[in-house]
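No lab work stands behind these numbers, since they all come straight from the coordinates. Fair warning: this is a prediction, and the values are worked out from it, not measured in the lab. Using ideal geometry, Cβ is built from the backbone for each residue, glycine included, and neighbour counts are taken over all protein chains shown.
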Amino acid sequence: MIKPLRIQVRFADCDMMGHVNNAIYLQYFELARMHYFNQLVGKQWNWQKEGIVLKVNHIEYHAPLLLEDAPEVYVFLESIGKKSFILAYELRVGEQLKTSGSSVIVCFDYLKQQTVEVYPAMKEALQKLKKAEA
């Protein structure tokens, strides 16, 4: 199992109420996504030839995240289609779910400037992110 990404909340991430600003969570999800991809497909993956583009983000806020919190972001595979896949995110402080979300990600060949089918190696690697059934 891949270890979740631990985030250090920065002072600049917070609004005047002392909460992490709602727009910052997308950055946290992006950091976690790349953290997981680096472990799944390696740092040598050719993102120009076998790239991805973000199509949709969804976020649900459950509880405020504060400057002194030490959140961890978990990434799970929700589903894989022909040319895209959906990743789900859970941002937790200890056992408390603070924020959840998901992203629709489309496979994209930047050299040809077109969408492509999910790469076999990525499809295989993504299987490691399936959430265990309770």
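Dipole size in debye (nearest 20) for the chain around its Cα centre, Lys and Arg Cβ +1, Asp and Glu Cβ -1? Walk me through the intermediate numbers first.
Details: 16 positive and 15 negative charges, 111 e Å.
In debye, rounded to 20, the chain gives about 540.
Any chance you could check the Cα centroid distance between the stretch 13-38 and the stretch 41-109 for me, in angstrom?
Going from one Cα centre to the other spans 11 Å.
On a 0 to 90 degree scale, rounded to 10, what angle separates helix 24-41 from the longest Cα axis of the chain?
Approximately 40 degrees, to the nearest ten.
Over 20 Å between Cα atoms: which of 43/112; 98/131; 83/130; 82/123; 3/49 fall into that group? Numbers along the way, then the final one.
Details: 43/112 22 Å; 98/131 18 Å; 83/130 18 Å; 82/123 10 Å; 3/49 27 Å.
With Cα atoms farther than 20 Å apart: 43/112; 3/49.
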